[in-house]
Amino acid sequence: MSLIEVNFDGLVGPTHHYGGLGLGNLASREHAGQTSHPRAAALQGLDKIERLAAEGAPQAVLPPHFRPDFAWLRELGFEGDDAERLRQAADVSPRLLSAAWSASAMWVANAATVSPAADCSDGRTHLTVANLLSSPHRSIEPAATEQTLREIFRDPRRFAIHSPLPGGVALRDEGAANHLRFFAPAAAVGGEFSGPEGIEVFVHGGSDTVPTRRFLPRQTEEASLAVARLHGLRPERTFFLAQHPAAIDAGAFHNDVVATSCGDVLLYHQLAFAEAEETLAEIAAAYRELVGVDLLRIEISETALPLEDAVASYLFNSQLIERLDGQMTIVVPSQVREVASANACLEDLLAADNPIDRAVVVELRESMWNGGGPACLRLRVPLSQEDLARVHPGVLWSARLGERLRECVTAHYREQLTAADLRDPAFAREAHAATAAVRKILGLWTEAPP
């Protein structure tokens, strides 16, 4: 059984704005209050999907959530009709108002953690919806995410969808942005995308006693252990690493800001992990035993790329795309070319003796200014051909789907958005209609929550 790694990309929603809400997210804080451009943001995301599809990477689309979330505002005590709730929230707490409008669900790397059927004891693909308890604006996402995933992966014989972890902040879970998987490279399995089984690695911020000084870790060890249990993963092929507190304090709020992987390659910053050498050696040994080839660790030093530059450029938030010739393409945001140290590291990486021999630069400035790059916008789901055939077909990328989504975004999304627009009930109706139009194209439920 071969596996196809499908990238489910989140489409930017019509309420994309710069609220500065992200905990430990420096780009989000830096651009708070600036004018955003929802139409451009969504079109940039669609451009990225198209570029990856051209590289041979299977693609799919996850829809935006309905925003503003009027039900959430009501639960917070804002009463009256929609217009009155918006007015009250704007007067009392602009931050809560911004949270109710947040389009952060576009960063679907935080939607769930995924383990393919080959790794799980019951032979099903498992997805655990992230609870996103670190931030109010993200904590309102899981219910809609779970409903959408159940629509897309609807066959319970092949897919297991787990509800978000209970337990409050001690079980903070932020999904696949803190998860790595190593599998057989194409060259090792006769031109297929990957072998059947892999090594899964969960990265966490440690317990609440981790010595971060600036930002609270978003992923806990307890949450990572719980997800691994729910997925029925083999202990000998499942590993746990603590994120380096210096990385968290530098603005690497998720592990995918300082590390990425594909196949037999681990690309990471020197300060990505804390006291990890022994565990990394165990991972390499387990990978060698499973696949028969060595794991390739590519470490970029703090001297070559200071953490500050790693966070500013999002070099590690790139996507590694395996090609059928066994080589890899790295998909990087344009900011990598604008940060001298990151650009030098990229050039060194391409020139070195490793499978990464091609770079594709994508423009995602609207997303990047809110703190999310190429890898933030996608959820990787490894599937067999048989299981891919059971996925809701309306979300699978095609040239025609791309055309329809572009037309929809152009017709329904505003060119620009300011904080003052978040008080406008007419814009709320407009945004709900735009989201419904997108979801209709994808063949998903189109009714906003009451």
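For the stretch 288-305, filtering for residues that are surrounded by fewer than 18 Cβ atoms within 10 Å (Cβ to Cβ) and part of a loop (DSSP other than H, G, I, E, B) leaves 7.
When Ala272, Ala259, Ala285 are screened for being surrounded by fewer than 23 Cβ atoms within 10 Å (Cβ to Cβ), modelled with pLDDT of 95 or more and either under 19 Å from the mean Cα position of the chain (by Cα) or not charged (D, E, K, R) (or both), only Ala285 passes.
When Leu46, Leu73, Leu96, Leu21 are checked against the criterion of being part of a helix (DSSP H, G or I), touching a helix residue (DSSP H, G or I) at 6+ places or on another chain (Cβ under 8 Å), more than 30 Å from Phe239 (Cα to Cα) and open to solvent by 10 Å² or more (accessible area, probe 1.4 Å), a single residue qualifies: Leu96. Mind checking whether some residue in the stretch 416-430 is open to solvent by less than 50 Å² (accessible area, probe 1.4 Å) and farther than 27 Å from Arg95 by Cβ? No, there is no match, as no residue in the stretch 416-430 is open to solvent by less than 50 Å² (accessible area, probe 1.4 Å) and farther than 27 Å from Arg95 by Cβ. None of Ala57, Ala41 is open to solvent by less than 40 Å² (accessible area, probe 1.4 Å), part of a helix (DSSP H, G or I) and not charged (D, E, K, R) except Ala41.
Among the residues making up the stretch 335-348, those that are under 19 Å from Glu299 (Cβ atoms), touching a helix residue (DSSP H, G or I) at 6+ places or on another chain (Cβ under 8 Å) and open to solvent by 20 Å² or more (accessible area, probe 1.4 Å) are Val339, Ser341, Asn343. The single condition from (1) in contact (Cβ under 8 Å) with a residue 60 or more places away in the chain; (2) open to solvent by 50 Å² or more (accessible area, probe 1.4 Å) that Ala351 fails is (1). When the stretch 265-287 is filtered for residues that are of a type in the set (Phe, Trp, Tyr) and part of a loop (DSSP other than H, G, I, E, B), nothing remains. Take the conditions of a type outside the set (S, T, N, Q) and either at pLDDT below 95 or more than 21 Å from Ser367 (Cα to Cα) (or both) and apply them to Ala60. Does it pass? Against the criterion (of a type outside the set (S, T, N, Q) and either at pLDDT below 95 or more than 21 Å from Ser367 (Cα to Cα) (or both)), Ala60 does not qualify. Being over 23 Å from Asn25 (Cα atoms), part of a strand (DSSP E or B) and among the acidic types (Asp, Glu): is that true of Asp348 here? Spelling it out, it is not the case that Asp348 is over 23 Å from Asn25 (Cα atoms), part of a strand (DSSP E or B) and among the acidic types (Asp, Glu). Candidates Ser121, Ser102: the one that is in contact with a Gly (Cβ under 7 Å, 6 or more places away or on another chain) and open to solvent by 40 Å² or more (accessible area, probe 1.4 Å) is Ser121.
Criterion first (acidic (Asp, Glu), closer than 26 Å to His179 by Cβ and either touching a His at 6+ places or on another chain (Cβ under 9 Å) or open to solvent by 10 Å² or more (accessible area, probe 1.4 Å) (or both)) does Glu84 satisfy it?
The answer is no for Glu84.
Looking at the stretch 363-374, is at least one residue open to solvent by 20 Å² or more (accessible area, probe 1.4 Å), acidic (Asp, Glu) and either in contact (Cβ under 8 Å) with a residue 12 or more places away in the chain or within 20 Å of Leu305 (Cβ to Cβ) (or both)? Within the stretch 363-374, one or more residues are open to solvent by 20 Å² or more (accessible area, probe 1.4 Å), acidic (Asp, Glu) and either in contact (Cβ under 8 Å) with a residue 12 or more places away in the chain or within 20 Å of Leu305 (Cβ to Cβ) (or both). A single entry from Val332, Val291 fulfils the requirement of being at pLDDT below 95 and touching a helix residue (DSSP H, G or I) at 6+ places or on another chain (Cβ under 7 Å): Val291.
Looking at the stretch 1-17 only, could you name the residues that are of a type in the set (A, V, I, L, M, F, W, C), open to solvent by 10 Å² or more (accessible area, probe 1.4 Å) and in a strand (DSSP E or B)?
Correct list: Ile4 only.
Among the numbered conditions (1) over 24 Å from Leu3 (Cβ atoms); (2) assigned to a helix (DSSP H, G or I); (3) not aromatic (Phe, Trp, Tyr), the only one that Asp353 does not meet is (2).
Look at Asp91 and say whether it is open to solvent by 10 Å² or more (accessible area, probe 1.4 Å), acidic (Asp, Glu) and out of contact with any Gly (no Cβ under 6 Å at 6 or more places or on another chain). When the stated conditions are applied, Asp91 passes them.
A single member of Glu308, Glu289 is touching a residue at least 24 places away in the same chain (Cβ under 8 Å) and not β-branched (Val, Ile, Thr), and it is Glu308. Tell me yes or no: at least one residue of the stretch 273-290 is touching a strand residue (DSSP E or B) at 6+ places or on another chain (Cβ under 7 Å) and among the basic types (Lys, Arg). Scanning the stretch 273-290 turns up no residue that is touching a strand residue (DSSP E or B) at 6+ places or on another chain (Cβ under 7 Å) and among the basic types (Lys, Arg).
Can you give me the number of residues within the stretch 148-164 that are outside any strand (DSSP E or B) and either within 21 Å of Leu388 (Cβ to Cβ) or open to solvent by less than 20 Å² (accessible area, probe 1.4 Å) (or both)? Counting residues in the stretch 148-164 that are outside any strand (DSSP E or B) and either within 21 Å of Leu388 (Cβ to Cβ) or open to solvent by less than 20 Å² (accessible area, probe 1.4 Å) (or both) gives 11. Scanning the stretch 286-319 for residues that are of a type in the set (S, T, N, Q) and farther than 16 Å from Ala272 by Cα yields a single hit, Gln319.
Inside the stretch 223-253, residues that are in a helix (DSSP H, G or I), open to solvent by 20 Å² or more (accessible area, probe 1.4 Å), aliphatic (A, V, I, L, M) and under 23 Å from Glu302 (Cβ atoms) make up a count of 1.
The values are calculated or read from the model by the stated rules, or taken from the named source; none is laboratory data. Owing to the predicted nature of the structure, the values given are computational and were not obtained by experimental measurement. Reconstructed Cβ throughout: ideal geometry from the backbone, glycine too, with neighbour counts over all protein chains shown. Remember, those area values only see protein heavy atoms, side chains included, never the ligands or the DNA or RNA. Shrake-Rupley method; radii C 1.70, N 1.55, O 1.52, S 1.80 Å.
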